[in-house]
Amino acid sequence: VSALADEFTAFLLEPSTADPFPLFRRLRELEPVHHTGIDTWAVVGYPEAEQLGRDPRLRREPAAAAQWRPLGRDDDPAEVVEAVDTWLSNFIFRDPPAHDRLRRLVARAFTPRGVAAWRPQVERVVAELLDEALDSGDVDFMTAFAFPVPERVICAILGVPYEDHVLWSTWFRATSEPGNLWTRRAGDDAGATGQVRTDAQQAFVKLCHYFRELVVARRARPKGEDLLSLLVEEEANGDRLSEQELVGTLVMLVGAGHTTTAHLLGNGLVALLDHPEQLALLRERPDLIASAVDEVLRYRGPSRGQPYVTAEEVELGATVVPAGEHVYPYYNATNRDPRRFADPERFDITRGEGPGLGFGTGTHYCVGAALARLETQVALGALAATCDVELAIARDDIEWIYSSIHGPRSLPVTLSRR
Ligand code: HEM
């Protein structure tokens, strides 16, 4: 037990670029809910993780504060503290009732029907970017395709100028660096010090400043139909949304709206290249694309899941977790639980059993799930149909990110028209 526990703790502290799934499997067989060597609880079993999102004794606010508050302590500059407050005000980091009040305001823009209306635009963006990538042939799949597809789409939906992505994409990267360990509380002294900490602080200040300016401009000149205009109207018309919550929500939506989808595209391409028979099947049967995208989410999803704190003692499966403990779901690990999926280590695009916990569960279930599916189905579908793709580096040389996001850091490929 203790050798495996040590191995898992070592992985959390310094996630190796090697395949973590065998380690997840061994840990899950031993303890689906495991107390780690860094005093957190890792939930790697499916039914136990599913329980997390539905149990009101598991609280998000104290867990988020423990992660991010250390980036903006009392002795930090006021603008940094204010930026961290703003970041923490968004609903992924809130518990009901504030969570529900804020989520309701944006959820109406992301219903399956609302999202379906964006399909022509998504198809246009994908076709344009694929054409450009094919013209150059040798590209980094992540920067040439996987990132710009969701960046352009979320900007259009929100009403944020896409041209500015050169600014904020750098800032988002800096804010995620302190969390670049697969479980360490993001802003703690061990996780983020020195330049990494200062860069992340400055990035938060700039993100909040940028999006606040956008709100001010939109108030002065209402634009109409985009989500930012609707939210600015809500803020003006009542007490349902403060300016801080509005800015925090925008920062989160732009961030959540592109990094996850980008890494799902990267993970999807790698999974298909690793399983050429599945890629061939998808080309033969394009109608499998919805099932294929869900299978990528199950097999190697881009989102680890956010932590909770137990407000009182909670029984998770057979394990009793005391009050006041930090509990981390590992959705990628849970999604290969044989108690939920038969032959779970097999990548099978015909499986048709959904994404498991790839979009989370319960209160914080991904509000952008329909949009993420649409984007990924259109993008991977078009890629498979129109391109031959080869990795331009050795498979083992792919560098993986293990933070709250999981996927390739970059993916040099050679593309040609089929
Ligand atoms: C493949 C793409 C995506 C994946 C895998 C994904 C995954 C997830 C997961 C696992 C959660 C739950 C986090 C937790 O609390 O543990 C979540 C929440 C969330 N996602 Fe996504 N997401 C994706 C795309 C998007 C997009 C495109 C948006 C844009 C609107 C979005 C917005 C959100 C929001 C706002 C939440 C918080 C929901 C709440 O707290 O009620 N996501 N997502």
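For every residue, the table says whether it meets (1) touching a helix residue (DSSP H, G or I) at 6+ places or on another chain (Cβ under 9 Å); (2) among the polar types (S, T, N, Q); (3) closer than 18 Å to ALA262 by Cβ.
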position	(1), (2), (3)
ARG108	yes, no, no
ALA117	no, no, no
VAL122	yes, no, yes
LEU129	yes, no, yes
ALA133	yes, no, yes
GLY137	no, no, no
PHE147	yes, no, yes
PRO150	yes, no, yes
- [ ] Kindly indicate whether any position in segment 87-98 is under 20 Å from the mean Cα position of the chain (by Cα), hydroxyl-bearing (Ser, Thr, Tyr) and not in a loop (DSSP other than H, G, I, E, B).
- [x] no
TODO: Please work out if ARG298 is part of a helix (DSSP H, G or I), touching a residue at least 40 places away in the same chain (Cβ under 8 Å) and either of a type in the set (D, E, K, R) or within 13 Å of the ligand (Cβ to nearest atom) (or both).
DONE: yes
Task: Filter pass, ASP85 being surrounded by fewer than 19 Cβ atoms within 10 Å (Cβ to Cβ), closer than 23 Å to ARG212 by Cβ, modelled with pLDDT under 95 and touching a helix residue (DSSP H, G or I) at 6+ places or on another chain (Cβ under 9 Å) - done: no
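With respect to ARG113, determine if the residue is in a helix (DSSP H, G or I), surrounded by fewer than 21 Cβ atoms within 10 Å (Cβ to Cβ) and either within 14 Å of the ligand (Cβ to nearest atom) or among the hydrophobic types (A, V, I, L, M, F, W, C) (or both).
Values: in a helix (DSSP H, G or I): yes; surrounded by fewer than 21 Cβ atoms within 10 Å (Cβ to Cβ): yes; either within 14 Å of the ligand (Cβ to nearest atom) or among the hydrophobic types (A, V, I, L, M, F, W, C) (or both): no.
Here the answer is no, as ARG113 does not meet what is asked.
State yes or no: is ALA64 within 15 Å of the ligand (Cβ to nearest atom), without any contact (Cβ under 8 Å) to a residue 12 or more places away in the chain and surrounded by 13 or more Cβ atoms within 10 Å (Cβ to Cβ)? Before the answer, list the steps.
Details: within 15 Å of the ligand (Cβ to nearest atom): yes; without any contact (Cβ under 8 Å) to a residue 12 or more places away in the chain: no; surrounded by 13 or more Cβ atoms within 10 Å (Cβ to Cβ): yes.
Taking the combined requirement at face value, the residue does not satisfy it.
Can you confirm whether segment 236-248 contains a residue that is within 9 Å of the ligand (Cβ to nearest atom), under 30 Å from ALA174 (Cβ atoms), buried (at least 24 other Cβ atoms within 10 Å of the Cβ) and touching a residue at least 60 places away in the same chain (Cβ under 8 Å)? Before the answer, list the steps.
Filtering segment 236-248 down to residues within 9 Å of the ligand (Cβ to nearest atom) leaves none.
So far as segment 236-248 goes, no, none of its residues is within 9 Å of the ligand (Cβ to nearest atom), under 30 Å from ALA174 (Cβ atoms), buried (at least 24 other Cβ atoms within 10 Å of the Cβ) and touching a residue at least 60 places away in the same chain (Cβ under 8 Å).
Based on this model, can you work out whether ASP287 counts as acidic (Asp, Glu) and away from the ligand (no atom under 16 Å from the Cβ)? Outline the logic, then answer.
Numbers: acidic (Asp, Glu): yes; away from the ligand (no atom under 16 Å from the Cβ): yes.
It is true that ASP287 is acidic (Asp, Glu) and away from the ligand (no atom under 16 Å from the Cβ).
Looking at segment 46-61, which of the residues that are of a type outside the set (Asp, Glu) and more than 13 Å from the ligand (Cβ to nearest atom) is surrounded by the fewest Cβ atoms within 10 Å (Cβ to Cβ)?
Quick first cut of segment 46-61, residues of a type outside the set (Asp, Glu) only: 46-47, 49, 51-54, 56-60.
Imposing the further condition that a residue be more than 13 Å from the ligand (Cβ to nearest atom) reduces the set to 46-47, 51, 56-57.
Values: TYR46: 25, PRO47: 14, GLN51: 19, PRO56: 10, ARG57: 13.
Filtering first and then ranking leaves PRO56.
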Task: Lone unmet requirement of (1) acidic (Asp, Glu); (2) within 30 Å of TRP41 (Cβ to Cβ); (3) within 24 Å of the chain's Cα centre (by Cα) for GLU313 - done: (3)
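Is it the case that some residue within segment 99-107 is within 30 Å of ILE398 (Cβ to Cβ) and within 11 Å of the ligand (Cβ to nearest atom)? If you could, list the steps in order and put the result at the bottom.
To start, the set of residues in segment 99-107 that are within 30 Å of ILE398 (Cβ to Cβ) comprises none.
The answer is no, given that none of the residues of segment 99-107 is within 30 Å of ILE398 (Cβ to Cβ) and within 11 Å of the ligand (Cβ to nearest atom).
Could you grab me the full set of residues in segment 1-45 that are among the small types (Gly, Ala, Ser) and either surrounded by fewer than 20 Cβ atoms within 10 Å (Cβ to Cβ) or farther than 23 Å from LEU357 by Cα (or both)?
Of segment 1-45, the ones among the small types (Gly, Ala, Ser) are 2-3, 5, 10, 16, 18, 37, 42, 45.
SER2, ALA3, ALA5, ALA10, SER16, ALA18, GLY37, listed by residue number.
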Open item on the list: Which numbered condition in (1) closer than 21 Å to GLY114 by Cα; (2) outside any helix (DSSP H, G or I) is the only one that LEU228 fails?
Closed with: (2)
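Residues that are within 13 Å of the ligand (Cβ to nearest atom): find the strands (runs of 3 or more DSSP E) completely inside segment 311-418 holding 3 or more of those.
Correct list: 326-329.
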Open item on the list: Condition first: of a type in the set (D, E, K, R) and within 16 Å of the ligand (Cβ to nearest atom). Can you find one or more residues in segment 36-45 that meet it?
Closed with: no
TODO: Could you please find all residues in segment 20-49 being part of a helix (DSSP H, G or I), within 13 Å of VAL327 (Cα to Cα) and under 20 Å from the mean Cα position of the chain (by Cα)?
DONE: ALA49
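The values are calculated or read from the model by the stated rules, or taken from the named source; none is laboratory data. Because the structure is a prediction, the values reported are computed rather than measured. With ideal geometry, Cβ positions are generated from the backbone for all residues, glycine too; neighbour counts draw on all protein chains shown.
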